[in-house]
């Protein structure tokens, strides 16, 4: 007679609880990337404008560029989700 593993049963129950939310994983990821991109763009703009900040202009520009990339990636993921 086999003993049932308690951790396996807990994992299975947790998976059944989360399973409906895994279906829209790409949609959630695209939303998060767009939000992260907007925050990074804003941070880059503020760091570029504020004088005397410890972030240099090159770093502020890099933050803004990465923000644009994350935002664009989020948009592309949401567009492929709609098709």
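Considering the range 30-55, and only residues there that are outside any helix (DSSP H, G or I) and touching a helix residue (DSSP H, G or I) at 6+ places or on another chain (Cβ under 7 Å), the residue that is surrounded by the fewest Cβ atoms within 10 Å (Cβ to Cβ) turns out to be 53. Quick check on residue 58: is it part of a helix (DSSP H, G or I), more than 16 Å from the chain's Cα centre (by Cα) and at pLDDT 90 or above? So residue 58 fits the description; yes.
Note on the range 1-38: residues that are under 17 Å from residue 78 (Cβ atoms) and at pLDDT 65 or above amount to 15.
The values are calculated or read from the model by the stated rules, or taken from the named source; none is laboratory data. Every value quoted in this text rests on a predicted model; they were computed, and no experiment measured them. Note: ideal-geometry Cβ built from the backbone for every residue, glycine included; neighbour counts use all protein chains shown.
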